[in-house]
Amino acid sequence: MTKLIVVCGVTGNQGRSVAETYLKEVGWRVRGITRDATKPASLALAAKGVEIVEGDLDDAESLKAALQGANIVFGNTVFPFMLALTSNPQLKPGQSVLEWAYELEVQQGKNLVEAVAKLDSLQLFIWSTLSATRKWSGGKFQNVYHFDSKAAVVDHRRDGTMVLRMPGELKYPIPHVLVHETGKYVKALAQASPGTHLLAYSEFLTWPDYVSLWGRMTGVPAVFESITMDDMDKLAPGGFGLEIGEMHAYSMEFGYWGNDPSVIYPEQLGLKGELTTIANYIKGEDWSELLGRPAMD
């Protein structure tokens, strides 16, 4: 049976070499991913027998079809320093062009890793990387961004463990609410006195406890990792990561309701026993898309 290798950046030096090598291998088909299937380099490879498809590492959705059916995926990225110099990127306050390019390349690699992790056909993922300069130099070299960006993607590779990362004090229980039960809260409030402030939630759990419960219910190894606010800020552009990070930190320290003394709880409106437990929610939810595998029985 013919196998398929998918080569990212197939018109680049590394990608072209991989494609041309596997064109000579009996029993293999070669598919190459490029942003532009009409450029001369793409057409030249197509003439040699490479299946050329368009895909963009900045667009995670475009990678799904491009990777479909792959047995081997070869991934590589190019540090986008020249793009940073010529495209006038919107930098965060205090952010350098090199830091912007670092974040972009890391995200491109993560997009590829996430897409590859969902392939049922995959036998091998090969990532072209460089060493982690900050790690291996003990922090002596802090500015070799085009090395560290590729090394960061290695740390992101999935080993089957689900990881939840966020900042804040971890010892405080968080109110978890199921949106499909909103009607129950509204009905209860409609029967209460005007001006009632209700904290709508099904159950209080710390995030580490939630992750532990989720892992037990799904059978998937799961861990909670505490990160700094700076790390959270880097997870999403435009300050959104910082906004979400501060939300979690605030809720863990002061509560979602800020410990407002006027707030009452569901049991005070007769909702005790009517709300879904978090364990039953996890059991009844379809996690197949998140996990990249068939739904649980």
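The values are calculated or read from the model by the stated rules, or taken from the named source; none is laboratory data. Not measured: the values here are computed from a predicted model. With ideal geometry, Cβ positions are generated from the backbone for all residues, glycine too; neighbour counts draw on all protein chains shown.
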Query raised in the report: In the set Glu20, Glu54, Glu61, which member is closer than 19 Å to Asn111 by Cβ and modelled with pLDDT of 95 or more?
Result: Glu54
Report summary line: Condition set without any contact (Cβ under 8 Å) to a residue 60 or more places away in the chain and at positive phi, scope segment 239-260, selection surrounded by the fewest Cβ atoms within 10 Å (Cβ to Cβ): answer is Asn259
**Report entry** Residue in segment 1-14 that is surrounded by the most Cβ atoms within 10 Å (Cβ to Cβ), counting only those that are in a loop (DSSP other than H, G, I, E, B) and polar (S, T, N, Q)
**Finding:** Thr11
Query raised in the report: Of (1) closer than 25 Å to Trp214 by Cβ; (2) surrounded by 13 or more Cβ atoms within 10 Å (Cβ to Cβ); (3) of a type in the set (A, V, I, L, M, F, W, C), Val263 satisfies all except one. Which?
Result: (1)
Report task. Filter segment 15-36 down to residues that are small (Gly, Ala, Ser) and crowded, with 18+ Cβ neighbours inside 10 Å and give me whichever is nearest to Ala66 (Cα to Cα). Result -> Gly32
**Report entry** Search result, residues across segment 188-216 that are within 26 Å of Glu243 (Cβ to Cβ), touching a residue at least 60 places away in the same chain (Cβ under 8 Å) and part of a loop (DSSP other than H, G, I, E, B)
**Finding:** Leu199, Ala200, Tyr201, Ser202
Report task. Take Ala46 and decide whether it is touching a strand residue (DSSP E or B) at 6+ places or on another chain (Cβ under 9 Å), of a type outside the set (Lys, Arg) and not in a loop (DSSP other than H, G, I, E, B). Result -> yes
Requested in this report: Among what's in segment 217-272 and is part of a loop (DSSP other than H, G, I, E, B) and charged (D, E, K, R), pick the residue that is nearest to Thr196 (Cα to Cα).
Outcome: Asp260
